[in-house]
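Here is the structure we will look at.
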Amino acid sequence: MSVSALEFTQQLSAHPKPAEERAAILANPGFGDYFTDHTAVIDYKVDETGTGVWQNARIEPYGPIAMDPAAAVLHYGQEIFEGLKAYRHADGSVWTFRPEANAARMNLSARRLALPELPEELFLESLRRLVSVDADWIPEGDGAALYLRPFMIATEAFLGVRPAREVSYRVIASPAGNYFGGELKPVSIWLSTRYARAGIGGTGEAKCGGNYAASLIAQMEGEAHGCKQVLFLDAANDNAVEELGGMNVFFVFKDGSLVTPALSGTILHGVTRSSVIQLGRDRGLDVQERKITLDEWRDGVASGDITEVFACGTAAVITPVGELKTETETIGSADAVAGPVTMSIREQLLGVQTGTVEDTHGWLTRLA
């Protein structure tokens, strides 16, 4: 069966969340705490000739996944995922932001984890189908959206170490409010000096669960010191700044430059990151993708050359960074305020996503 001939079937939930209960959830959704009534699923299987085929595309009720205890994902971590948001615009239509970039990144991750690549048209159609049946779950309010989580897991039951021949691609959705909660203000970041997120030749630029699992112990260390996120360095490269546990990082310099660590094979290809780079160039900033070290960060803040620091990612969009903390020092200040460049780019980016600012780059795709 060709990809173009693959039709989605639809089985609606017999027990969708009652409207009143759903409304109560949408009034204060948090992030990743609640899930919609349905899920999109596409199966993949390698046949007896060695040909892999995507098949059985469907919308079905949200619920537990039946899986063999020997499924490869449970033993060898063959798994990848994505994250993007659906926004309701003023006219009631529903749009998402740069889903083609997410589809491309998912396939980059799939190649690295020896999983099958999913055609972009199937990726996009899975989003459309799920949003079309669960559009009532999209919350309203500043920065609120329906967070979409496509993921792919190896489901073949075997204990040999090789790429799985049976795979499940799925999309779930969760109403989302402000990622860090409450009023937007600069966050404190913990510097991990004991742990690394990724290494050369590893899976750093793939969006896979193992990278995030490896960051959790450092995240816990940061939380114990009152920090919202953790930053990782490349200790073998002059303590070059890499990325946070779940976001890319940018530095605003007083000379008009906007600097972010260059993609090196160990840093995630952030969709928000590339969007910020484009928006920075649109407004005439000298955008640089280059090595920036911990020493440059420290000296730049002390001298005033670095005027703003912010992190970005799909979940949080753009979040100002107030201070970087270690066991022995603090760079920046907990009393810092969000800078004008940070907030201007954030407002423009959110405006494009929510339909209140012109989409001059054709980044939006309508889902419903």
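The values are calculated or read from the model by the stated rules, or taken from the named source; none is laboratory data. What you see is a predicted model, and the numbers here were worked out from it, not measured in a lab. Ideal geometry is used to build each Cβ from the backbone, glycine not excepted, and the neighbour counts take in all protein chains shown. Note: accessible area is taken over every heavy atom of the protein model, side chains too, but ligands, DNA and RNA are not part of it. Shrake-Rupley method; radii C 1.70, N 1.55, O 1.52, S 1.80 Å.
Listing for the model above:
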{"item": "Failed criterion for Pro119 (all others in (1) under 21 Å from Ala104 (Cα atoms); (2) modelled with pLDDT under 95 hold)", "result": "(2)"}
{"item": "Enumeration of residues in the range 335-353 that are open to solvent by less than 40 Å² (accessible area, probe 1.4 Å), part of a helix (DSSP H, G or I) and in contact with a strand residue (DSSP E or B) (Cβ under 9 Å, 6 or more places away or on another chain)", "result": "Val341, Thr342, Ile345, Arg346, Leu349, Leu350, Val352, Gln353"}
{"item": "Number of positions in the range 302-334 that are in a loop (DSSP other than H, G, I, E, B) and touching a helix residue (DSSP H, G or I) at 6+ places or on another chain (Cβ under 7 Å)", "result": "1"}
{"item": "Per-region count, the range 219-258, residues of a type in the set (Val, Ile, Thr), within 22 Å of the chain's Cα centre (by Cα) and closer than 24 Å to Phe97 by Cβ", "result": "1"}
{"item": "Pairs where the first residue, in the range 283-303, is under 13 Å from Leu258 (Cα atoms) and of a type in the set (A, V, I, L, M) and the second is open to solvent by 70 Å² or more (accessible area, probe 1.4 Å) and part of a helix (DSSP H, G or I), C-beta under 6 Å, 6+ apart", "result": "Val287/Arg281"}
{"item": "Qualifying residue in the range 254-263 (condition: part of a helix (DSSP H, G or I), out of contact with any strand residue (DSSP E or B) (no Cβ under 6 Å at 6 or more places or on another chain), modelled with pLDDT of 95 or more and open to solvent by 10 Å² or more (accessible area, probe 1.4 Å))", "result": "no"}
{"item": "Wholly enclosed strands (runs of 3 or more DSSP E) of the range 132-196 bearing at least 2 residues open to solvent by 60 Å² or more (accessible area, probe 1.4 Å) and at pLDDT below 95", "result": "none"}
{"item": "Matching residues in the range 33-50 - criterion: being open to solvent by 30 Å² or more (accessible area, probe 1.4 Å) and either within 17 Å of Phe158 (Cβ to Cβ) or modelled with pLDDT of 95 or more (or both)", "result": "Asp33, Tyr34, Phe35, Asp43, Tyr44, Lys45, Val46, Asp47, Glu48, Gly50"}
{"item": "Members of the range 235-254 that are charged (D, E, K, R) and within 14 Å of Arg290 (Cβ to Cβ)", "result": "Asp238, Glu242"}
{"item": "Search result, residues across the range 114-129 that are free of Cβ contacts under 8 Å to residues at least 60 places away in the same chain and among the small types (Gly, Ala, Ser)", "result": "Ala114"}
{"item": "Top-ranked residue in the range 220-239 [being over 14 Å from Pro261 (Cα atoms) and part of a loop (DSSP other than H, G, I, E, B); ranked as least open to solvent (accessible area, probe 1.4 Å)]", "result": "Cys227"}
{"item": "Residue match in the range 308-328 (condition: without any contact (Cβ under 8 Å) to a residue 40 or more places away in the chain and of a type in the set (Gly, Ala, Ser))", "result": "no"}
{"item": "Residues (in a loop (DSSP other than H, G, I, E, B) and either at pLDDT 95 or above or surrounded by fewer than 21 Cβ atoms within 10 Å (Cβ to Cβ) (or both)) located in the range 267-301", "result": "His269, Gly270, Arg283, Gly284, Leu285, Arg290, Lys291, Ile292"}
{"item": "Residue within the range 210-217 that is open to solvent by 30 Å² or more (accessible area, probe 1.4 Å), of a type outside the set (S, T, N, Q) and in a loop (DSSP other than H, G, I, E, B) present", "result": "no"}
{"item": "Residue match in the range 112-124 (condition: closer than 24 Å to Phe97 by Cβ, surrounded by 18 or more Cβ atoms within 10 Å (Cβ to Cβ) and aliphatic (A, V, I, L, M))", "result": "yes"}
